[in-house]
Amino acid sequence: MATEALRAENPDSIEALSREAEALKARLVEEKAKLNDVDSCVIGQRLESIQNFNIKPRRTLKGHQGKVLCMDWSSDKRHIVSSSQDGKMLIWDAFTTNKEHAITMPTTWVMACAYGPSGSVVACGGLDNKCTLYPLSMDEDPVTKKKAVATHTSYLSCCSFTSSDHQILTGSGDSTCALWDVESSQLIQSFHGHAGDVMSIDLSPTETGNTFVSGGCDKMAMVWDMRTGDCVQVFDGHESDINSVKFYPSGDAFATGSDDATCRLFDLRADREVNCYKKDSIIFGCNAVDFSISGRILFGGYNDYTINVWDALKGTRMTILYCHDNRVSCLGIAPDGTSLCTGSWDYTLRVWA
Amino acid sequence: MAQRHSGNRRLDSLQGSVAGPVGNGQHTHEDNPNHLVYKKMESIIERMQDESTGVPVRTVKSFMSKVPSVFTGQDLVSWMMRNLDVEDQVEALHLAHLMSSHGYFFPIDDHVLTVKNDNTYYRFQTPCFWPSRCGEPENTDYAVYLCKRTMQNKQRLELADYEAENLARLQKMFSRKWEFIFMQAEAQAKVDKKRDKLERKVLDSQERAFWDVHRPVPGCVNTTEVDIKKACRMNRHSKMSRPNYAVPGGRISPSVSEADLHTAGDSIRHEINVLRRKLEKRRVKISKVVECYIAYYQQYAEFDAFITSPDTSNPWISDSTEFWEQEKTMNPREIPQRRVKRWAFSIEELLCDPAGQDQFSKFLDKEFSGENLKFWLACQELKGLALREVNKKVHEIFSEFLAPGAHNPVNVDCQIMELVRRRMENNPNRFVFDEAQDHIFKLMKSDSYSRYLRSDQYKEFLCGTRKKTSGYLMWKKLQQARHIPH
């Protein structure tokens, strides 16, 4: 009410304020330009090209009856959870390719799934707008012990446990992210700021990092403080939906994959985009990205059924991996970096090494 | 060219029936999640169709008849190699296959939409059949189309097995209005009959290709399917327009509730604050951050299985789990040297290896500063604790490490101590010790950790570990590499 009155008294103030905002924006652009002292790829050129890069599909995980939509590695480096459009979540021993659990969801389109750090619980959700946890045990059907933890007002697009099984971070089509207490299903913190569906989240790999990054259909990537719920950094540049975000292994930067057919590298310290991975011949959107553990190689899973392998420091494409017969919807590097798992709309997952 | 234009008239009328009921006027085609990629493919198609620089389109004579407006797979692939930034023929063929499976061009007598690099003939699709111009067609249209094909007594129009099955299924489904479908098919067939022979050939194939995209041969990918997440948004768009806050990129800070942003003045003032804060932030130059990436890479390259194959073979390649067993073991004699080497990279690396943590804790005990690590670990545990247990743990940590007369007092400065004490009185949360934890971490990092790396304990442990690499020399080299970039 007070501001209404203020506006009536001083009609110029908004104009003046906008002028000030514009001036500040211009200064910010200027400041950022000053720091853009060199093209990142130029420095990367002094590195030798990676020789003998030889990666092949080593395992094929068949069993889903629908499009594979999401996958996550267990901390034991050999188990994988995957979810699919047929409403099933499968737990694989990827090393032997055995299925250890099959969990049927009440809804089809299980768009997100995650392994708990202990390896004894998995979480998933999708069009049911919920995130449900299933403790894994050999004696009992996990379904009998399921527990709905999070509820959003739109579909669940991604979820990830934090450092323990007791907390889970979720992202949703309702354009928010939220941190939940597993035991009490209580909302610990919500994160508002995206102006479009949140598509992907990734927790900072640093030990003390209380931050995570999110990417969404508003073409923005945001870095959040989990303690306060504040958005601490915003990164723009993409020309279409951001489908995937993933921290650089040191935690100082993150990569994004987008429907605009590019992957980008944004640096937290430089507070800007430092690299863009694209080629004219790549026209389909990128659904998932992940780094090799040295951060040198960036894998991107695309809608054109391929995985493009980028030299993240040189900014060039190293190779294309063909194998899937439909869109590559998700991918992830094993926690020890020994392999890459890709999931596709062709109903299969593959492990590459 | 002429054929293409005259053809459009018929296709327009067909479009009316195909695209008319589609979308029900709910959303425009721009909302389609595949729209962006359609546009990109179409701009390539336009270049391909350029009269002088495009793919050469010919009318080929064969025996008694003519094959109008076709090009060979070979010509197409070689055009792509010359004009698009593709790496090799494999990539060109892959892109050609994708564009074909979206129906932009198609083999003239095959339902399977793909491209071979040979003399097979292909034809461009007419733009009004492009997936960007028509939504998902209805089953009734498909029924009319199949029904029509059965009326046209021509060998090339004969139904394939799967089409015949589809027709039978549709006939069952639409049994009540089959008469209507039949009449429509008859009318269309009549119109078709009046057409010029060559024109008909082209149009028939284009219509067939349209259905090959939307009702693909079993086993082929239906490229018109959309990502369900994106489809959810598409539906939402048509139902409501989303609130558009004055701040570009949406609301920057979540601490502001929607009500606060109701007036333009407030939102601008808020934006100004955000911008000011951004301006104050210290930023690092690109050159500097890239140097950091390179240093990080050089340090970790030998641990990156995609760059250097590990000493013990990769389990996924060798089918042996030895590598994982070595990574897990806590038996000092079994710990491979590569693990111990990593402890020297950073204190974070040391602490995330349970064996490293164990060693460091032993070292700290000898230095009489073991409480630092215990405090830090307790704070880490607190962060991941269930909500119910937080309060209890907070008090436990406080009384063990920080309270006056604590068991294991940690040494934090009085400012931080004061901050913690104030927070303790006021319903403390799990982040109550953040500053203290940070302080202790820095202390361990700058002090104890560097002493640990120089200690005989670490060196002996390193040398006593299983080494399959060149051992200490390698470690020395690594140490040097580590120091150069800094």
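Readers should treat all values here as calculations from the given coordinates under stated rules, not as data from a laboratory. Just so it is clear, the structure is predicted and the values come from calculations on it, not from any experiment. Backbone-built Cβ (ideal geometry, glycine too); neighbour counts: all protein chains shown.
Could you tell me, in Å, what Rg and Dmax come out for the Cα atoms of the stretch A:55-352?
Radius of gyration, then largest Cα-Cα span, for the stretch A:55-352: 17.4, 53 Å.
Among B:424-433, A:60-69, what's the highest-first ranking by average C-beta atoms within 10 angstrom per residue?
By packing density, highest mean first, the sequence is A:60-69, B:424-433.
Based on the alpha-carbon set only, what is the convex hull volume of the stretch A:313-353 divided per residue, in Å³?
Considering the Cα atoms of the stretch A:313-353, their hull volume per residue is 93 Å³.
Quick one: helix A:12-35 against the long Cα principal axis of chain A, what's the angle to the nearest 10°, folded into 0 to 90?
60 degrees
Residue by residue through A:212-225, how many Cβ atoms from other chains fall within 10 Å of the Cβ on average? Write down the numbers at each step before the final one.
Values: counts 0, 0, 0, 0, 1, 4, 3, 1, 3, 0, 4, 0, 1, 1.
Mean partner-chain Cβ count within 10 Å for A:212-225: 1.
Among A:TRP345, A:ASN210, A:SER163, whose Cα lies farthest out toward the positive end of the dipole of the stretch A:55-352, if unit charges sit on the beta carbon of Lys, Arg (+1) and Asp, Glu (-1)?
Farthest towards the positive pole: A:TRP345.
Choose one answer from A:LYS146, A:LYS32, A:LYS99: the residue with the largest mean-square fluctuation in a GNM of chain A with alpha-carbon springs under 10 Å.
Taking springs between Cα atoms under 10 Å, the residue moving most is A:LYS32.
What list of ³J(HN,Hα) values in whole Hz, one per residue of the stretch B:356-370 in order, does the Karplus curve 6.51 cos²θ - 1.76 cosθ + 1.60 (θ = phi - 60°) give from phi, with Gly and Pro shown as x?
Per residue, the Karplus-derived 3J(HN,Hα) values read x, 4, 4, 4, 5, 5, 5, 4, 5, 4, 5, 8, 6, 10, x Hz.
Is there a simple number for the mean count of other chain Cβ atoms within 10 Å of the Cβ of residues in A:54-60, and what is it?
2
Could you sort B:284-294, B:405-415 so that the peptide with the highest average Cβ count within 10 Å comes first and the rest follow in order?
The peptides rank, most packed first, as B:284-294, B:405-415.
How long are the three semi-axes of the equivalent ellipsoid for the stretch B:279-377, computed from the Cα gyration tensor as the root of 5 times each eigenvalue, in whole Å, largest first?
Working: eigenvalues 159, 133, 19 Å².
Semi-axes from the Cα gyration tensor: 28, 26, 10 Å.
Taking the Cβ of each residue in B:ASP141, B:ASP438 as the centre, tally the other Cβ atoms inside 10 Å and list the residues starting with the fewest.
B:ASP438, B:ASP141
If the limit is 24 Å between Cα atoms, which of B:LYS66/B:LYS193; B:LYS285/B:LYS341; B:LYS39/B:LYS229 go over it?
B:LYS285/B:LYS341
With just the Cα atoms defining each centre, how far is the stretch B:416-463 from the stretch B:309-372? Give it in Å.
The stretch B:416-463 and the stretch B:309-372 have Cα centres separated by 21 Å.
Under 10 Å, Cα contacts only: if you run a Gaussian network model on chain A, which one of A:GLN186, A:GLN51, A:GLN85 comes out with the highest mean-square fluctuation?
Looking only at A:GLN186, A:GLN51, A:GLN85, the largest GNM fluctuation is found for A:GLN51.
Scan around A:ALA195 for amide H atoms under 5 Å from its own, H built in the peptide plane at 1.01 Å from N, and keep only partners 5 or more places away or cross-chain.
Result for A:ALA195 returns A:ASP218.
For the protein assembly as shown, divide the Cα radius of gyration by the Kirkwood radius and give the resulting Rg/Rh value with two decimals.
1.01
Quick one: grab the alpha carbon gyration tensor of the stretch A:1-143, order the square roots of its eigenvalues as a ≥ b ≥ c, and give me rounded if a/c is under 1.5, else prolate or oblate depending on whether a/b is larger than b/c.
oblate
State to the nearest 20 debye the size of the charge dipole of the stretch A:55-352 about its Cα centre, where the only charges are +1 on K and R beta carbons and -1 on D and E beta carbons.
The dipole magnitude comes to about 840 debye.
Using each residue's phi in the stretch B:282-292, evaluate 6.51 cos²θ - 1.76 cosθ + 1.60 at θ = phi - 60° and report the 3J(HN,Hα) Karplus result to the nearest Hz, with x for Gly and Pro.
Per residue, the Karplus-derived 3J(HN,Hα) values read 7, 10, 9, 5, 4, 4, 5, 5, 5, 4, 5 Hz.
How large is Rg/Rh for the stretch A:189-315, to two decimals, with Cα atoms and a Kirkwood Rh?
For the stretch A:189-315, the value is 0.95.
Mind checking which of A:ASN303, A:ASN52, A:ASN275 has the largest fluctuation in a GNM of chain A, springs on alpha carbons under 10 Å?
So, out of A:ASN303, A:ASN52, A:ASN275, the one fluctuating most is A:ASN52.
Amide H neighbours of B:VAL60 under 5 Å, counting only residues 5+ apart in sequence or on other chains, H built in-plane at 1.01 Å?
Counting only residues 5 or more places away or on other chains, the set is B:VAL67, B:SER69, B:VAL70.
Starting from the amide H of A:GLU100, placed 1.01 Å from N in the peptide plane, find each other amide H under 5 Å away whose residue is 5 or more places distant or on another chain.
A:ILE91, A:TRP92, A:ASP93
Once every DSSP H run of n ≥ 4 in chain A is given -39500 (n - 2.57) and the sum is divided by its residues, what mean residue ellipticity at 222 nm do you get, rounded to the nearest 500 deg cm²/dmol?
-3500 deg cm²/dmol
Pull up the cross-link candidates among the aspartates and glutamates for B:LYS442, meaning alpha carbon to alpha carbon under 16 Å and not fewer than 8 places away within one chain.
Qualifying aspartates and glutamates at Cα under 16 Å: A:GLU207, B:GLU348, B:GLU349, B:GLU371, B:ASP413, B:ASP434.
Which whole-number percent is the relative contact order of the stretch A:55-352 (Cα, under 8 Å, 6+ apart)? Show your work: numbers first, answer last.
Working: 929 pairs, mean separation 40.3, N = 298.
Relative contact order, the stretch A:55-352: 14 percent.
What does the charge count near B:SER65 come to, summing +1 for each Lys or Arg and -1 for each Asp or Glu among other residues with Cβ under 10 Å from its Cβ? Let's see the in-between values first.
On the way: positive: B:LYS61, B:LYS66, B:LYS197, B:LYS201; negative: none.
Summing Lys and Arg as +1 and Asp and Glu as -1 gives +4.
Excluding same-chain residues fewer than 8 positions from B:LYS177, which aspartates and glutamates have a Cα within less than 13 Å of its Cα?
Within the straight-line cut-off, B:LYS177 pairs with B:ASP141.
Taking θ = phi - 60°, what integer Hz values does the Karplus form 6.51 cos²θ - 1.76 cosθ + 1.60 yield along the stretch A:194-205, in sequence order, with x for Gly and Pro?
5, 9, x, 3, 7, 9, 7, 9, 8, 7, 4, x
Averaged over its residues, how many other protein chain Cβ atoms are within 10 Å of peptide B:296-302's Cβ atoms?
Mean shielding by partner chains, rounded to a whole number: 6.
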